[in-house]
1. From the phi of every residue in the range 361-376, what ³J(HN,Hα) in whole Hz does the Karplus formula 6.51 cos²θ - 1.76 cosθ + 1.60 yield, where θ is phi - 60° and glycine or proline is x?
2. Using the heavy atoms of the protein chains alone and a 1.4 angstrom probe, what is the accessible area of the range 349-393 per residue in square angstrom?
3. Subtract the Cα-Cα distance of ASP254 and ALA205 from 0.36 nm times their separation in residues, and report this length gain in nm to one decimal.
4. Please identify the GluC sites (Glu not before Pro) of the range 76-106 that satisfy two criteria: DSSP loop assignment and at most 10 other Cβ atoms within 10 Å. Which are they?
5. Provide the packing ranking of 169-177, 22-30, 156-164, i.e. peptides ordered by the mean count of other C-beta atoms within 10 Å per residue, highest first.
6. Hey, with R₀ at 41 Å, roughly what FRET efficiency would ASN372 and LEU96 work out to, going by the Cβ-Cβ distance, to 0.05?
7. What distance in nm lies between label points placed 7 Å from Cα along the C-beta direction at ASP27 and ALA69?
8. Under a crude label model (7 Å from the Cα following the beta-carbon direction), how far is ASP165 from LEU128 in nanometres?
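The values are calculated or read from the model by the stated rules, or taken from the named source; none is laboratory data. Not measured: the values here are computed from a predicted model. With ideal geometry, Cβ positions are generated from the backbone for all residues, glycine too; neighbour counts draw on all protein chains shown. Ligands, DNA and RNA are excluded from the accessible area calculation, which covers all protein heavy atoms including side chains. Shrake-Rupley method; radii C 1.70, N 1.55, O 1.52, S 1.80 Å.
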Amino acid sequence: MIKVDVQQIKQRFGIIGNSPGLNRAIDVALQVAPTDLSVLITGESGVGKETFPQIIHQNSPRKHGQYIAVNCGAIPEGTIDSELFGHEKGSFTGALADRKGYFEVADGGTIFLDEVGELPIPTQARLLRVLETGEFIKVGSSKVLKTNVRIVAATNVNLIQAVADGKFREDLYYRLNTVPIQIPPLRERPDDIILLFRKFAGDCAEKYRMPPVRLDDEARQLLTSYRWPGNVRELKNITERISVIEENRDITADVLRLYLPDLNVEKYPVLVKKQDNDQKFFNSEREILYQVLFDMKKDVNDLKKLVHDIMGGKMPMPVADETPYAHPIRPVHSAPIQEAEAVEEEETLSLEEVEKEMIRKALEKHNGRRKNAAADLKISERTLYRKIKEYNLE
């Protein structure tokens, strides 16, 4: 029975896909809909989080009440309290009349707070009071008002980290997160990518009265290997762009590459992200190895530049350290530069050998299946094909 309900919801709200994670998210939304529990929807930007509050509202006893969607990140900090809770006439410059806020207007209905992690701390305190007591006060007023509103919130940021950083109230997080719903990113739904492409291509063809574009086998493989940082929204945009621009309706991998950003197609090796506390976090041993090798190369280049500057008279000759382990710098002649170049060449060769060995082991691990090997190495298949040819690993 539940499975039928999920399929009906997909048809009603235009949801495409059959991945277990997506089905689970819809199922949880249906189970929690008849209650008044707060729901927190999490997922990356572009996965379609805005559909789930509507599913919850339309399948709840509040479906005949108001449904208001509020983008918390799009409202200036100075006016967010007025938008949510209303204000009294004269409470601030420009307040020429009394105004009802969303919580007053949506009494008996549902409010969807998108990008809830962007709320200012003072507004978070007001929101917590509404969640706990159903009470709020308009800006510029001292009168306590009551509201009966179901709150569904969504965010694409890590609220647990935001709590640790002091940017989000811990008590509000647990109050909002009564029932969590996680929407999986598109890269974890490879089978759904092709279904979505066909849907968007068909919609675009119908809208502009043209034949739909079709992907060949290699293009389909490339489409599913791309990481889709913008998720469903990005896939839709690219599909519509191809549909409008390409005259040939049969799309090859070479044509598709023209529309995929270089963001995840040619990134090899992966560079680490620098955190606020200047600590480096690595996703794999492969990245650690590459970082060490790149640091070595930088040190060698710095040494080469130092010797070159000494030869050119750009800086005085350093005085050798008199400690037992110090090595005095030899008289200036051509040998140091030749040796520095040799070290740099040796280091570069070492980097290439490491890269070659990693690719070879990945291919052996996956019995020559390049798609799996590329995924394991976190590079595109296009890059893997080029590296295999470059290192003669056929």
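1. Ordered by residue, 3J(HN,Hα) equals 5, 5, 5, 5, 4, 9, 6, x, 6, 5, 4, 5, 5, 4, 5, 5 Hz.
2. Values: 2700 Å² over 45 residues.
That works out to 60 Å² per residue.
3. Details: separation 49, 0.36 × 49 = 17.64 nm, distance 2.18 nm.
Gain on extension, ASP254 to ALA205, equals 15.5 nm.
4. On the way: sites: GLU77, GLU83, GLU88, GLU104; in loops: GLU77, GLU88.
Sparse-neighbourhood loop GluC sites (Glu not before Pro): none present.
5. Values: 169-177: 17.7, 22-30: 19.6, 156-164: 15.1.
The packing order, highest mean first, is 22-30, 169-177, 156-164.
6. Numbers: r = 65 Å, r/R0 = 1.57.
For ASN372 and LEU96, the calculated efficiency is 0.05.
7. 2.6
8. Label at ASP165, label at LEU128, 1.9 nm between them.
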